[in-house]
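Before any comments, here is the structure.
The values are calculated or read from the model by the stated rules, or taken from the named source; none is laboratory data. As the structure is a computational prediction, the values presented were derived from the model and not from experiment. Please note: Cβ atoms are built from the backbone with ideal geometry, for glycine as well, and neighbour counts cover all protein chains shown.
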Amino acid sequence: MFPDPQRTAQTLATYANDPTRLVYAWSVGGQMVSAAGVSVQVSGNAAEVLHIGTAPQFRGQGYGRALLHGIRAHLGLTTLSAETDDQAVAFYRRSGFEIAPLPSVWSTPRFRCTLSGV
């Protein structure tokens, strides 16, 4: 959604108006370095990552991974999943997610990434 301010505002409004959508951020020294939005299932034991991003100067330092694992622990989730493309699948793999290919109507491959267990 970045750098389109209108799309960003629309997406944030969706989170504000939907109690199943939550936004979490990771900060270092008072500076937000990574943020993620998730959709929690009604049962409360699973969630899907809808958005995640880390400021460019902080990428590759484990903040995104720590944020996802922190969200999972904070919410007591048994499963955290995400659908992504081939540009981001390596991030999820390095973060401990299991990767499965998905059928895709787009020109790039799609993947279901799942972090399970207690």
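Couple of notes before you dig in:
- Residues that are within 16 Å of GLY37 (Cβ to Cβ) and aliphatic (A, V, I, L, M), drawn from segment 60-100: LEU67, LEU68, ILE71, LEU75, LEU77, LEU80, ALA82, ALA88
- Check on TYR15, under 24 Å from PHE97 (Cα atoms) and of a type in the set (Ser, Thr, Tyr): no
- Selected residue [of a type in the set (Ser, Thr, Tyr), in contact with a Ser or Thr (Cβ under 8 Å, 6 or more places away or on another chain) and at pLDDT below 95] from THR54, THR108: THR54
- Test: residue in segment 49-56 that is touching a Gly at 6+ places or on another chain (Cβ under 7 Å) and not β-branched (Val, Ile, Thr): yes
- Residue, surrounded by the fewest Cβ atoms within 10 Å (Cβ to Cβ), within segment 102-118, restricted to residues that are of a type in the set (S, T, N, Q) and outside any loop (DSSP other than H, G, I, E, B): SER116
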